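Worksheet: the structure to be examined is printed underneath.
The values are calculated or read from the model by the stated rules, or taken from the named source; none is laboratory data. Just so you know, these numbers come straight off a predicted model, no measurement behind them. With ideal geometry, Cβ positions are generated from the backbone for all residues, glycine too; neighbour counts draw on all protein chains shown. Accessible surface areas use protein heavy atoms only, side chains included; no ligands, DNA or RNA. Shrake-Rupley method; radii C 1.70, N 1.55, O 1.52, S 1.80 Å.
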Amino acid sequence: MLEDVLVLSIVAVTTLLAYAVGRKMFGRSARSLAQAWAQLMECVGAFCLFLSVNMVIGVAVILILRATTPRFISMYILDDVMLIILSAVQGLAFRLWWRSE
Amino acid sequence: MIALRGIGIAATLFFVFSAFTPFWNFVGRRLRLEPQLTKSDAIVVLGAGVLMDGTLSHESLRRTVHGLRLYKRGLAPLLVVSGPTPRTDARRGGLPEAEVRKAIALEMGIPAGDVIAISQVHTTRDESEEIAARLAERRSTTILLVTESMHMRRAMELFERAGLRVFPAPSDDFPRVAESPESRIGLMWRALIQLAGVVYYRAAGYT
């Protein structure tokens, strides 16, 4: 599909350009790039964990509130992009904190 | 940290795979049900949200339009529209989604006697039970069910469990038309939400 190829191609080109700039102009090594990718993956992993925990807690809280109060709360409240964004912030902050000591 | 790295790699690969391959289109096509636009006793349009100013959400509007078109084609003599008032909107005097939809139906020329608005419901299960009870009063037993394609299977099970014969009339065909990376991620999210709903309803004994 054109959309798939175009998006991937744009990202591939800018990635290669950034790599070339980093290597040639700023003298960065390929090894340090590999380390940066590993750290990025750790951040993504932390984000996934926080998102999963937030969702599980959210579902549990809603079920408890439904069972114990007359108030109805929809599960679709958890279908909010802010939960994803905040979980990403949590994951990043946690990873940076963990590595700072 | 090794474990976190592994989770991150797996998640990234999953995200890229989901966005740039037709995997979720394939899954979606397996989950959705083909439309069966058969003459029925009623067309039932499930709720999908209303804003505080009385504007239907995108999904709600899509379903409403689809239901109106089915009625105009003469597939059923009765249109049932559902949808509650969000609690905060009720305090501010907001209209239930069902009443907003009914008002639109009347503006489109549908006689008031051919439209029923069901607003005292919060979940699909509530909708199935309440609507089945209201239709039983009219001795209506068959319905054309209008909801989004990913939601249809779970909704249909509930309405059949409530005693109705259900013909699916999905208001979209996202598994077929989701072709951009963003729309495939949206399709993946919808499919995962509905799969979670199926698991929850099975665990709770609702289906």
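Brief remarks on what is shown
- Residues in the stretch B:99-146 that are more than 14 Å from every other protein chain (Cβ to nearest Cβ), under 20 Å from B:V198 (Cα atoms) and among the aliphatic types (A, V, I, L, M): B:L145, B:V146.
Quick grid of which residues meet (1) over 26 Å from B:P175 (Cβ atoms); (2) among the hydroxyl-bearing types (S, T, Y); (3) at pLDDT below 95:
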| position | (1), (2), (3) |
| --- | --- |
| B:Q36 | no, no, no |
| B:G74 | yes, no, no |
| B:L79 | yes, no, no |
| B:D89 | yes, no, yes |
| B:K102 | yes, no, no |
| B:A105 | yes, no, no |
| B:I116 | yes, no, no |
| B:E130 | yes, no, no |
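- Leading residue by the ranking (nearest to B:R69 (Cα to Cα)) among those in the stretch B:17-47 that are open to solvent by less than 20 Å² (accessible area, probe 1.4 Å) and hydroxyl-bearing (S, T, Y): B:S40
- Selected residue (criterion: farthest from B:L4 (Cα to Cα)) from residues of the stretch A:1-38 that are more than 11 Å from chain B (Cβ to nearest Cβ) and among the charged types (D, E, K, R): A:K24
- Of all the residues in the stretch B:50-76, those that are of a type outside the set (F, W, Y) and not in a loop (DSSP other than H, G, I, E, B) number 16.
- Of everything in the stretch B:171-191 that is free of Cβ contacts under 8 Å to residues at least 40 places away in the same chain and more than 10 Å from chain A (Cβ to nearest Cβ), the residue that is farthest from A:L78 (Cα to Cα) is B:V177.
- Pairs, first under 16 Å from B:V16 (Cα atoms) in the stretch A:2-16, second part of a helix (DSSP H, G or I), C-beta under 7 Å, six or more apart: A:E3/B:P181; A:D4/B:F20; A:D4/B:P181; A:V7/B:P181; A:L8/B:F20
- Failed item in (1) in a helix (DSSP H, G or I); (2) open to solvent by 60 Å² or more (accessible area, probe 1.4 Å), with A:V59 passing the rest: (2)
- Residue within the stretch B:51-70 that is touching a Gly at 6+ places or on another chain (Cβ under 8 Å), polar (S, T, N, Q) and closer than 24 Å to B:T123 by Cα present: yes
- Candidates A:R95, A:R23, A:R28, filtered to the one that is farther than 26 Å from B:V50 by Cα and in contact (Cβ under 8 Å) with a residue 12 or more places away in the chain: A:R95
- Residue count for the stretch B:1-39, restricted to those that are more than 14 Å from every other protein chain (Cβ to nearest Cβ) and closer than 15 Å to A:L49 by Cβ: 0.
- Count of residues meeting criterion [touching a Pro at 6+ places or on another chain (Cβ under 9 Å) and closer than 28 Å to A:A12 by Cβ] in the stretch B:17-39: 8
- Listing of strands (runs of 3 or more DSSP E) fully contained in the stretch B:107-207 that carry 3 or more residues being surrounded by fewer than 19 Cβ atoms within 10 Å (Cβ to Cβ) and not acidic (D, E): none
- In the stretch B:49-72, residue modelled with the highest pLDDT [restricted to those that are within 10 Å of B:E97 (Cα to Cα) and crowded, with 23+ Cβ neighbours inside 10 Å]: B:S60
- Residue check, B:G47 on the phi > 0 side of the Ramachandran plot and part of a loop (DSSP other than H, G, I, E, B): no
- Residues that are open to solvent by 90 Å² or more (accessible area, probe 1.4 Å) and not aromatic (F, W, Y) were ranked within the stretch A:64-80; the one that is nearest to the other protein chains (Cβ to nearest Cβ) is A:R71.
- Residue tally, condition without any contact (Cβ under 8 Å) to a residue 60 or more places away in the chain and within 12 Å of B:V44 (Cβ to Cβ), over the stretch B:118-164: 8
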